[in-house]
Every structure is written in structure tokens, then in C-alpha cells.
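Comments concern the structure below.
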Amino acid sequence: MYKMKIGLLKEEKVPVEKRVPFSPLQCSELVRDYPGLEIIVQRSKDRSYTDEEYASFGLPLADDLSDCEVLMGLKERPIDKFIPGKIYFLFSHTSKKQAQNKEMIKGILAKNIELIDYECLTDTHHSRVIGFGRYAGIIGTYDGVRGYGIRYNLFNLKPAYQCRDRKEFLEEIDRVRLPNIKILLTGGGRVANGATEALGLLKIRKVTPYEFLHCSFREPVYCQLHSKDLYLTKDGSSWDLKDFYDHSENYASSFLPYTKECDLFIAGHFWDGKAPVLFTKEQMKMRDFHISVIADITCDINGSVPSTLKASTIPEPFYGYNPMTEQIDIPFAKNTITVMAVDNLPCELPREASEDFGKELMERVIPFLFKEDKEGVITRATITKGGKLTPAYSYLSDYVA
């Protein structure tokens, strides 16, 4: 029988992270299904699930997790909070060379830590197997619609984090009455799927890209754009998805016509930094740039959506972007574009989002901790091991130098 101790980490990042990798019930199910497994829960006052809830399922609580082989948390951690020589599961936000976490990964290497990044857990087709994307899409869409309602004095929805539970959240959605606006959604992954789920709850009809650009409607509608709708090859050759992923720098944005028809833009697409931006700051100054509210769920700072100059917060999710000054301004001023760019959206419904995430983690990742990882799920997500970058992440060498 294979024995293992997993420590459920207390989150250290500010603002406070309330989500967890596993709910108390899921922890108890794991211990039941894997007889050699023990789960120790680090005490925390900040989780959406209390210490008492974990203890009620017979899970031991502790402050010190140094006797655990595997440590599972969610967000980045201060370097001094890492225990040398351990295996850590985290959203490290380092695979895109994020500047804010450069020192953290240097510390991880110095402490001989095996870092496994949730964001990099993929199947053999390189599709992500777990994530909080669904709830990010649901809540990001809700916040975008909420922002539109505030901007035009249509309705004032309760923030999702103030809802008691999903039931009250759905009751707020039922209150929405939108005019015949056009909503644009980008992406085709988990975030976009969550967004389409929310748009379905809002009973908003989906239309084709052609209809979006050329037709008028008596009801609110939305259009979903995928990579082939967003970009064209610079040399005029035919579209190839693999080539786009491998050489996205050879493509140009074809998004501009949509900016002239769209009222509310929901950004749910993946952007790797090599592809061009969807539109430029100069194009946002054009008189026919029609977008007035942007819900940037991806929240890539200075990324494919140029108005995302900073991340906003759950208590204050909106800020204004002034196209003429290219600076942050009052959220709902007439001469600004309202931006929602919260980078931890699932925290607005932390218990529901955690249960969703934990279920995928239990089904699609944990089994590979107890048997040979023949599919390479964990191997592909291992960024550091033995004090070095793994071969798949050697491109980070200059980042950690």
C-alpha cells in the first residue's frame, strides 16, 4: 500500500484567498478511497470552509506541515513560507514569465522544491484538465452585465460575493432586463464556457459573426468569437490552428470591425503574449469605437485588451479607461470605457468554485499521485525539480537567471 501525507495549505496571499483545493467532504472521500493517504489541514481563519468543518470530517488540523510530502494550496506564497524539498501544487503564475513572481521561483529553485502548476496540468492533447475557469466565466459575465446596468442606470445588481449562495445569485440574474445591446464574447475554453452558461441563464440569444456585424435586433444578443475569427495570417495563407499556436506572431488581428458594433465586450480568450493585441489604444480613440463596457476575465495586464492597465478588486471591480489620456479614470464617466478586470473572480462564490475545482482534481489528477503517470499529466505540469527547471520549462532560464 502506497503511503502519502498531503498538507492542505493556509493561503498567504493578500488580498485574502478564500478558495481551497478540496472541500471537507472531498478530503474525507479521498482518505476513504486511498487507504494509504492522510490529509493534514493547516489552520486558517480565512477559508470559505472553517477549520471546524474540516475537523468534523475527522481531518487533523495543524500549524506545521513539515512532515507532509505533498503540499497543496492555490496562490503564490512568500519565499520564507516554502518548506525545502517538498512537492507543491500551486497556481504559481510563472509560466508566462510574470515579473511579480520572478523572485518566488528563484526561491523555489534554491529550496529544491518540486513545483507542479495547476494551470499546466494538461491531457495528451494539451488541453487543461482542471481550473477555476468555469466560475471565472460565470461571475465575470455577471459582473460585466452588472457594470453595464450601473453605467446606464438600468439596474443595480447585488455583487456576487454578497449573495448568500448560488440560489440568491440566480435570483439576482433573474432581475436583469437588458435593452437590444450586442455582447461580444471571445474564447472557447473553460472561461468562455462559463460565460456562455451565464449568458444562457440571462436568456440572451446567440448569433453568428455575420449577423452580429450586419444585422439589427430587437433583443439583446451575443456572438462568440474563436481564434480563427480574431486573427488572420499576415501573408494571406489559409488559417491553421496549430500554426497559430506555434507562430502567433505571424498573424494580425481582424477584430476591429466588431468594435464598431459591440456594446459590452467579454474577454475570455487565452493570450500568450506573442499574438498581436485585439485592438490598439489608438483604435480606441476612433469615433466609431463603440464598446462602452469591457469585462476582461482573462485580466492580462497590458495584454491583448489595452485598457486593462491594472487588476481591479472584488469590492471595487470597476474602473474607467480614458481613451484620450490612455489613463485610468472614474469608472462610469461618459468619456471613459468601464473596465472590469478582477483577477480572482471565483472568490466571489468560493465554496461553489472550490467544490467544482476539487471534483476535477480528484478525478483527473490525484490518481496519478498513486500510480505511474503514464499519460504525463503531472510530468507536463512540473516546472522545477531537483533544484532545476525541467526540460519543458527551460525557456524560463533567462527569467530565473
Protection-proxy order for peptides 55-63, 94-102, each taking the mean of Cβ atoms within 10 Å per residue, highest first
94-102, 55-63
What helices does the chain have that are whole DSSP H segments, at least 18 Å long along their own axis by Cα, and with mean Kyte-Doolittle hydropathy of -0.5 or more?
133-151
Over the stretch 126-181, what is the relative contact order in percent, taking alpha-carbon pairs closer than 8 angstrom and at least six residues apart?
27 percent
Hey, how many Å between the Cα centroid of the stretch 1-44 and the Cα centroid of the stretch 110-179?
23 Å
Once amide H atoms are built 1.01 Å from N in the peptide plane, which residues 5 or more positions from LEU37, or in another chain, come under 5 Å H to H?
MET4
Take each of the peptides 157-164, 105-112, 120-127, average the number of other beta-carbon atoms within 10 Å over its residues, and list them starting from the highest.
105-112, 157-164, 120-127
Once the convex hull of the alpha carbons of the stretch 1-147 is built, what does its volume come to per residue, in cubic angstrom?
156 Å³
For the stretch 246-401 (alpha-carbon point model, no solvent) the Debye-based log₁₀ I(q)/I(0) at q = 0.09, 0.19, 0.20 Å⁻¹ works out to -0.45, -1.16, -1.21
Helix-only mean residue ellipticity at 222 nm for the chain, each DSSP H run of n ≥ 4 adding -39500 (n - 2.57), per residue, nearest 500:
-7500 deg cm²/dmol
Mind ordering 205-215, 357-367 by average Cβ neighbours within 10 Å, highest first?
357-367, 205-215
Other-chain or far-sequence residues with amide H under 5 Å of ILE266's (modelled H):
LEU184, LEU185, THR186, ALA295
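Scale the Cα Rg of the chain by the rule-of-thumb value 2.2 N^0.38 Å and send over the ratio, two decimals.
Compared with the compact-globule rule of thumb, the chain sits at 1.03.
Write down the percent of antiparallel bridges among all DSSP beta bridges whose residues are both part of the chain, to the nearest 5.
Counting only bridges with both partners in the chain, antiparallel ones make up about 30 percent.
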Semi-axes of the equivalent ellipsoid of the stretch 126-227: what are they in whole Å, largest first, if each equals the square root of 5 times a C-alpha gyration tensor eigenvalue?
22, 21, 10
Express in Å², to the nearest 10, the accessible area of LEU232 obtained by rolling a 1.4 Å probe over the protein heavy atoms while all chains stay in place.
100 Å²
Over the alpha-carbon set of the stretch 186-290, work out the extent along each principal axis and list the three values in angstrom, largest first.
39, 34, 23
The long-range amide H neighbours of THR384, using H built 1.01 Å from N in the peptide plane and a cut-off of under 5 Å, are LEU115, THR390
So what J values fall out for the stretch 78-84 if you push phi through Karplus, 6.51 cos²θ - 1.76 cosθ + 1.60 with θ = phi - 60°, rounded to Hz, Gly and Pro as x?
x, 4, 6, 8, 7, 8, x
Probe 1.4 Å, all protein chains in place: accessible area of GLU114 in Å², nearest 10?
40 Å²
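The values are calculated or read from the model by the stated rules, or taken from the named source; none is laboratory data. Keep in mind that what you see is a predicted model, and the values were worked out from it rather than measured. A quick note on method: Cβ atoms are made from the backbone with ideal geometry, for glycine too, and the neighbour counts reach across all protein chains shown. Each accessible area value is taken on the protein alone, full model and side chains, heavy atoms only, with ligands, DNA and RNA left out. Shrake-Rupley method; radii C 1.70, N 1.55, O 1.52, S 1.80 Å.
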